[in-house]
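**Q** Have a look at this one before I ask anything.
What follows draws every value from the coordinates through simple rules; no lab data is involved. Keep in mind that what you see is a predicted model, and the values were worked out from it rather than measured. Here the Cβ positions follow ideal geometry from the backbone for every residue, glycine too, while neighbour counts run over all protein chains shown.
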Amino acid sequence: MKNDSDIQEIQKVTKGVPGHIASVRRLIVAGTQISDLLNNLPSHLPGLFELEWSQINTADPHLLAVLSLLVHDDDEHTPESVADITGCSPKDVLGIVDALEFLQINSTSKSIFFKHGSIREFIHTRLANTRPKVLEQLMKHYSAHPDSSRARAQLPALLSLQSEDKKLVE
């Protein structure tokens, strides 16, 4: 192993399950670089994430809205900002975070984050089709608050992303 952070990331992702740890070990012994393994875990070991994904109620529009925002927007979000942008109630957002083992709230900043980047990337792939809606929600949110520093920073980038997405569809 390269360093303690690599070990910790593998521990988080595998949750200490012997079969998952054995799969990681086999990949490393077969010559997979640890950095490549950690950066591409969903493609190397999709079964690790399929099980978690199968536990998610994909028919719940609030849950999908929260996850979509968190995977498609790199900004930090508190439960209140997620609620404001998605139209969910703060109570619903907190319930979703509590129910999903891979999400956590930072005790200092109160922002929601994924416990490990690999599950975020996996969910990002699963929810790729929700990106246009998230961009639309963000545009609406920041347009309603145009004088905020975040709006001034984000609106130009969002317009550019939205334009790129439209070109890809055409």
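**Q** Which Cα, out of VAL13, SER149, ALA83, lies furthest along the positive dipole direction of the chain (beta carbon charges, K/R +1, D/E -1)?
**A** Highest projection toward the positive end goes to VAL13.
**Q** Follow-up. For the chain, place one equal point scatterer on every Cα, skip the solvent, and apply the Debye formula. What is log10 of I(q)/I(0) at q = 0.10, 0.17 Å⁻¹?
**A** Treating every Cα as an identical point scatterer, log10 I(q)/I(0) equals -0.45, -1.09.
**Q** Now a separate question. Evaluate the charge dipole of segment 11-98 about its Cα centre and quote only its size in Debye, nearest 20, assuming +1 on the Cβ of each Lys and Arg and -1 on the Cβ of each Asp and Glu.
**A** Numbers: 5 positive and 12 negative charges, 146 e Å.
Using Cβ point charges on Lys, Arg, Asp and Glu, segment 11-98 gives about 700 debye.
**Q** About its Cα centre, what dipole magnitude does segment 110-165 give when the only charges are +1 on Lys and Arg Cβ and -1 on Asp and Glu Cβ, stated in debye to the nearest 20? Please report the intermediate quantities before stating the final value.
**A** Details: 9 positive and 5 negative charges, 62 e Å.
Result for segment 110-165 is approximately 300 debye, rounded to the nearest 20.
**Q** Also, I was wondering about something else. Please report the net charge: other residues with Cβ closer than 14 Å to the Cβ of TYR142, K and R +1, D and E -1. Write out the running numbers ahead of the final one.
**A** On the way: positive: LYS140, ARG150, ARG152; negative: ASP73, ASP75, ASP84, GLU136, ASP147.
Residues close to TYR142 contribute a combined charge of -2.
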